[in-house]
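Here's the structure we're looking at; comments come further down.
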Amino acid sequence: KNFKQVRHLRGHPFIFSTFTSRSQTSLCLQHLQQKMKIVSCLALLLPLIKAVDESLCEYKIKVSNAKDLIDEDTDFLWIKNENDVFVEIIGYGTGGDDKQKTLVTDTIDGSTSPEWNEEFTFRNADEDSGGAYEKFLFKLYDDDSVGGYSMGGLLDADFLGQSKFIEASEIEDCAEIYSFELAVTRDDDSAGSLFVEFEKTGCCDNTGNTGEDEEESTEVVSTKGKNKRRLLMA
């Protein structure tokens, strides 16, 4: 019966070889089993591949502006004297609180509602972090140096307040810009607000849903030729 089927299907080499040799059929099954093992191994490796990708992550942070900061400077006669404000951006790595990287904005003179619009980059591969970044903190100061010269000690800057921690896990998707209005506090008292934005790049696919069915707390913006959603975070 097999011989008749082979003659009838002689024009089909695959079917011909299947019926002419049981040993070849067994060999094909072995090949399939090996391929299934490869697929299973790949499935096990995927989480590891993702973990490796995380080491390529970069966090791009934009310090936009602050509002209603405490005025630490004293007016002199009729001359109004306001803060000269700068912000420290501190990234904490997995190596512990001593594994951190600090970047600083320019100083904006004479304002309690300064604007910077400066961008900074924290890379998970930074040696300072001792591993992937886990959280970020913003501290605001009033620069009291005179003409760019340090007066030493506490006379250099007055602490205006700090934000809450922003966890790196909150910045999930490369297709989104995360906008925060952060409350600034000092000694548990309100001391103004700070506006910042986060982007994550380098370790995920920049393809997000930028359709029209967005929530009220989102808007679509274009950055470097790509559309991203801006999420207004609580």
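The values are calculated or read from the model by the stated rules, or taken from the named source; none is laboratory data. It should be emphasised that the depicted structure is a prediction, and the values quoted were computed from it without experimental measurement. Every residue, glycine among them, receives a Cβ derived from its backbone with ideal geometry; neighbour counts consider all protein chains shown. With ligands, DNA and RNA removed, areas are computed over all heavy atoms of the protein, side chains included. Shrake-Rupley method; radii C 1.70, N 1.55, O 1.52, S 1.80 Å.
Descending by average beta-carbon neighbour count within 10 Å, the peptides 174-180, 129-135, 83-89, 185-191 line up as 83-89, 174-180, 129-135, 185-191, the highest first.
What ranking of LYS67, LYS139 comes out by heavy-atom accessible area, probe 1.4 Å, highest first?
Heavy-atom accessible area, descending, gives LYS67, LYS139.
What the Cβ-Cβ distance of ASP109 and GLU167 gives, at R0 = 45 Å and to the nearest 0.05, is a FRET efficiency of 0.85.
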